[in-house]
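First up is the structure itself, then whatever we jot down about it.
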Amino acid sequence: MSNFNQQEFSNYTVLESKQARTTGAVSRKFMAGVFTWMFFALGVSTLFAVMFANNTELLGYLINITEKGARLNMLGWAVTFAPLAFVLIMSFAFNRLSATALTALFMAYAAVNGISFSFILLTYTTGSVIGCFASASVMFGVMALMGYTTDKDLTSFGSLMMMGLVGMLIAMMVNWFLHSDALGYIISIVGVAVFTGLTAYDVQKLKRVGAGLEYEGTSANDTKKLVLMGGLTLYLDFVNLFLMLLRLFGGKRD
């Protein structure tokens, strides 16, 4: 009986080890897909930002030149606020959308977001944009690695970051009316801290989602949708970190 139990335990250990390796492979594949879509979306946004910033004919569709200077026209304002609409649609209609539809929305969002970023390229110097982008890349990479490798549960930390995000959004709405440079500076500092922290939290959360796919029997269609939303999450973390750094350290054109 003792030998039987020992053999049974040995077989169970081997089975558990194989299962862990399989789950690890699924999680790594999931995370690879998440980062692939994030980087692809960033590439699309960069392409459209550079294309519109360097083409006066394309900018003419978004801006009207008046005696008081350049002003956004209706299409320009639509491009400015459209990214928020895309994110809301992808988030709230997630269960009803197919993977193909979600992919199309994600790419359209990245393109429209890139067009709105062309205004940033026209506002800030090229050197400061590149410098802040490089800084954001390093900070994002370090925190993503920490979130992926740490054994510490970051759930409570993530909740704290979400509270900070809500507070920051409220402060931004208040400052919309106050136009306070000091408050704007504080918001940017808080924003850098919040999106840096959220990067680690979101990567760990997505890693756990990937690990759970093996046990939940998620369909290929739903898995791809989760990969896309994961890519969107990290895209937003990076972009907002970059924008906050740019608000803090970016040098504006004369």
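Where a number appears in this text, it was derived from the coordinates with a stated rule and is not lab data. Just so we're clear, the structure is a prediction, and the values are computed from it rather than from any experiment. With ideal geometry, Cβ positions are generated from the backbone for all residues, glycine too; neighbour counts draw on all protein chains shown.
Here are some notes:
- Theoretical FRET efficiency, 1/(1+(r/R0)^6), r = Cβ-Cβ of S159 and I130, R0 30 Å, to 0.05: 0.30
- Point-charge dipole on Cβ atoms (K/R +1, D/E -1) for the chain, about Cα centre, debye to 20: 180
- Note on K207: lysines with a C-alpha under 21 Å away, same-chain residues under 8 apart excluded, are K18, K29, K152, K224, K225.
- Most positive-pole-ward Cα, I186, A99, L72, against dipole of segment 27-249 from beta carbon charges: A99
- Simple spin-label estimate for T150 and S219 gives 3.6 nm between the two label positions (7 Å along the Cα-to-Cβ direction from each Cα).
- Our summary gives the chain a relative contact order of 33 percent, counting only alpha carbon pairs under 8 angstrom and 6 or more residues apart.
- When percent of Cα pairs over 34 Å apart is calculated for this entry, the matching label among [x] 27; [y] 13; [z] 9 is [x].
- In terms of its C-alpha gyration tensor, segment 209-254 has a prolate overall shape, because the principal axis ratio a/c (a ≥ b ≥ c, square roots of the eigenvalues) is not below 1.5 and a/b outweighs b/c.
- Choice from L62, L84, L241 showing the highest fluctuation, given a GNM over the chain with Cα pairs closer than 10 Å: L84
- Among K205, K252, K225, K29, a tally of other beta-carbon atoms within 10 Å of each Cβ gives an order, fewest to most, of K252, K29, K205, K225.
- Where only DSSP H runs of four or more residues are counted, the chain gives -30000 deg cm²/dmol as its mean residue ellipticity at 222 nm, each run worth -39500 (n - 2.57).
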